[in-house]
Each structure stands twice: as C-alpha cells, then as structure tokens.
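**Q** Right, I'll just put the structure down here and ask away after.
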Amino acid sequence: NKLGVANVQFEEIIDFDFAKDTLARHDRPFGYIFLFKWTGGKDEEKKALSDDSLLFIKQNVTNSCATIAILHLAFNVAGIQVNQDLQGFKEFITELPADMRGMALTNSECIRSAHNSFISFGSINADSDEKAEEGDAFHFVALLPRGDQLVVLDGMTDEPYVAAADKTADEVDIVMQYVKGKISESGGEIRFSLLAMVPDQLTKLKEQLE
C-alpha cells in the first residue's frame, strides 16, 4: 500500500508440499517472492529469457531487492493496480536501460519513502555492494510463472531468466519444484521464505457485497 499497489496481499507458503491448499481460497496468484541466502548468484545455469517484453530493474542500490521484487511483479503482471505516482515512475523508467532503472529508485520520493519506512531492513542508498555487508546476506527475487516456464526476475542478474520449464506441471507445481530444488542445493540451509502475491481479499469481498 505504501508503495502504491492497491489490490494485492501476500500469502506466506509455510509447507511447500501443501502450497495448493494454502492458495485454494485465492484466485490465481499474480506471482511469488522468494527469499534465500545470497551466495553470489553462480550456483545455477541461467537461460536468458528470449521475450524482452518484461520491464526489468537491475539492482545497483543496497538493500533494495525486496522493493524491486515487488515492483517486478507490479509492473509486469496484468490485473495489479498501481497509483498515479507509481504509474508515472513506470512510464519514466520504461525507456531507460535496466541499470539506470535501479538508480532511478533513489530519485522516486514515493518509492524511497515507502521503502525507508521499514528502516530495520536497510534504507535505500547509492551503495551497490550488497555482498560487502557483514554476516549472512539474504536476497529477494520475483518468481513469475508464464505458461510452462518459470521466469526469475532477480535484480542482481543482468536480465530475466528462465529457471525451469515443464509442460506437464501447472504453475504452482513448477514454482514449488524450483523452490525445493534451491533448498536441496543449499547444503542444509533452512532459512527460506516464499510469499505468493494474491488478489486482496477485502477488495474481493467488497465487490461481492456490491
């Protein structure tokens, strides 16, 4: 809401084996945000997405990965409503290269203020070396199912990439297969979080009442 996204909420998926049960009361998820321990991004082969229709923001500002993950979904998924300020920012960055889009975050008052209101997670600033922070670093990426493919929008890469493809699996299954794969490759790491961005239930109930 503070960012200017009006009609979404998040549903945390605690048990990946029962993701469909968790999401059963919602309409189709808009996408997912995945949190995992940062390892430098060299642990998986990345197949570049041939479709360049997605608006991609490269992260070159410290601590901005969670905000960028939300914007990656808000700017690329039909049905998500954004306010006038956020729509204006989207239109402004569309013609910019991906790295300049990341820097533009620092010049957007609405985005910077919303992000920095959660100061315990780190404020947006111009320092791009996220890996230099002390202790374990954790990273947010957006997961966007598109047909039989799972696209990852990760600001620490140069472009969106296809992480998985399976013509026999539905969207929820392909996301869970990817997440379980990341966990199995982590060497015993258990600190993961998966959030589904779903339609706001209060908005849906108000529409039903009307």
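The values are calculated or read from the model by the stated rules, or taken from the named source; none is laboratory data. Just so it is clear, the model here is predicted, and its values are computed rather than measured. Because the Cβ atoms are built from the backbone with ideal geometry, glycine has one as well, and the counts that use them run over all protein chains shown. We work out accessible area using only protein heavy atoms, side chains counted, and drop any ligands, DNA or RNA first. Shrake-Rupley method; radii C 1.70, N 1.55, O 1.52, S 1.80 Å.
**Q** Hey, can you grab everything whose amide H is under 5 Å from the amide H of Phe138? Only 5+ residues off in sequence or another chain; H modelled, so Pro and N-termini drop out.
**A** Trp38
**Q** Additional query: Could you work out, for region 153-210, what percent of all Cα-Cα pairs fall into each 10 Å distance bin, beginning at 0 Å and stopping at the bin that holds the largest distance?
**A** 16, 33, 30, 16, 5, 0
**Q** Let me ask something else about it. Here is the link list: Lys37/Lys58; Lys2/Lys37; Lys90/Lys182. Which ones come out longer than 21 Å on Cα distance?
**A** Details: Lys37/Lys58 19 Å; Lys2/Lys37 26 Å; Lys90/Lys182 31 Å.
Exceeds cut-off: Lys2/Lys37; Lys90/Lys182.
**Q** Pop out the carbon and sulfur fraction of the accessible area of the chain as a percent, whole number, probe 1.4 Å. List each step's numbers first, then the result.
**A** Working: 5600 of 11150 Å².
Solvent-exposed carbon and sulfur of the chain make up 50 percent of the total.
**Q** Another question about this same structure. Treat every Asp and Glu Cβ in the chain as -1 and every Lys and Arg Cβ as +1, leave all other atoms uncharged, and give the resulting dipole magnitude about the Cα centre to the nearest 20 debye. List each step's numbers first, then the result.
**A** Numbers: 20 positive and 35 negative charges, 55 e Å.
It comes to approximately 260 debye.
**Q** What is the ratio of the Cα radius of gyration of the chain to 2.2 N^0.38 Å, where N is its residue count, to two decimals? Walk me through the intermediate numbers first.
**A** On the way: Rg = 16.8 Å, N = 210, 2.2 N^0.38 = 16.8 Å.
Against the empirical 2.2 N^0.38 Å value, I get 1.00 for the chain.
**Q** How much solvent-accessible surface does Ile190 expose, in Å² to the nearest 10, with a 1.4 Å probe and all protein chains in place?
**A** So the heavy atoms of Ile190 present about 150 Å² to solvent.
**Q** Separate question: From the phi angles alone, apply the Karplus equation (6.51, -1.76, 1.60; θ = phi - 60°) to region 197-204 and give each ³J(HN,Hα) in whole Hz, x where the residue is Gly or Pro.
**A** These are the phi-based 3J(HN,Hα) values: 8, 10, x, 5, 5, 5, 4, 4 Hz.
**Q** I would also like to ask the following. Compare Arg25, Arg112, Arg146 in a GNM of the chain, Cα atoms joined below 10 Å, and give the one with the largest fluctuation.
**A** Comparing Arg25, Arg112, Arg146 in a Gaussian network model of the chain, the most mobile one is Arg25.
**Q** Continuing with this model, one more query. Looking at the P(r) of region 18-111, how many percent of alpha-carbon pairs lie beyond 23 Å?
**A** Working: 1525 of 4371 pairs.
Within region 18-111, distances greater than 23 Å cover 35 percent of Cα pairs.
**Q** Rounded to the nearest 500, what is the chain's calculated 222 nm mean residue ellipticity when only DSSP H runs of at least 4 contribute -39500 (n - 2.57) each, over all residues?
**A** Details: 7 runs with 63 residues, N = 210.
Value at 222 nm, helices only, nearest 500: -8500 deg cm²/dmol.
**Q** What percent do you get for the relative contact order of the chain when only Cα pairs under 8 Å and 6+ apart count? Don't jump to the answer; show the numbers that get you there.
**A** On the way: 339 pairs, mean separation 80.2, N = 210.
Relative contact order, the chain: 38 percent.
**Q** Just want the answer: with Cβ charges of +1 for Lys and Arg and -1 for Asp and Glu, which residue in Thr203, Gly79, Ala24 is farthest toward the dipole's positive end in the chain?
**A** My answer, from the dipole projection, is Thr203.
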